[in-house]
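Just so it is clear, none of the values below were taken in a lab; they were calculated from the coordinates. Note that this is a predicted model, so its numbers are computed, not measured. For neighbour counting, all protein chains shown are included, and Cβ atoms are generated from backbone atoms with ideal geometry for every residue, glycine included.
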């Protein structure tokens, strides 16, 4: 028989994973992509597929970021992050990140090879940021690449695989750099300390 205390363990893990995936950016980027897919004229099934690919990619990115930063978050005393707060183990978050990435790859390519390559370029750029580039002067570049790749992912999934207009790619890249600045400024003291 399962005790009430034991039944809350999975709920706490799910809650900790949800908090560890960077839910704000996940919702914004996934919703933005869904809106782009609808606006571009993707049929409902393709919109769901496109949105699912981006959702799994964003989950993998957020979990990778939290797992990789756990040591630094502990060292700087950062609170409010499930791994640093001890709500979930780093190993569990890495497992979730890898599982989400494993789902992201086939979902991305199900949108077409060109579209899949564009989306996986965005995901790879974000993982590169998480694992290395965030500590360099090139920290803005993965955001520019990833945000520019999102409209390409959407349009390359349409019949005929059209590229978006150059200005859409440029706007995406600039939006990405702006998102980067909004992301790093609140944590700048802790980042500089480590």
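What the table shows:
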read-out	value
Average projected area [Cα convex hull, region 4-185], square nanometres	11.1
Order of 119, 180 under a 10 Å beta carbon neighbour criterion, fewest first	180, 119
Acute angle (nearest 10 degrees) that the helix 23-40 long axis makes with the longest principal axis of the chain, alpha-carbon atoms	10
Shape call, region 77-159: gyration tensor on alpha carbons, a/c limit 1.5	oblate
Residue order, fewest to most surrounding Cβ atoms within 10 angstrom, among 69, 85	85, 69
Exposure proxy ranking, count of Cβ atoms within 10 Å, fewest first, for 13, 134	13, 134
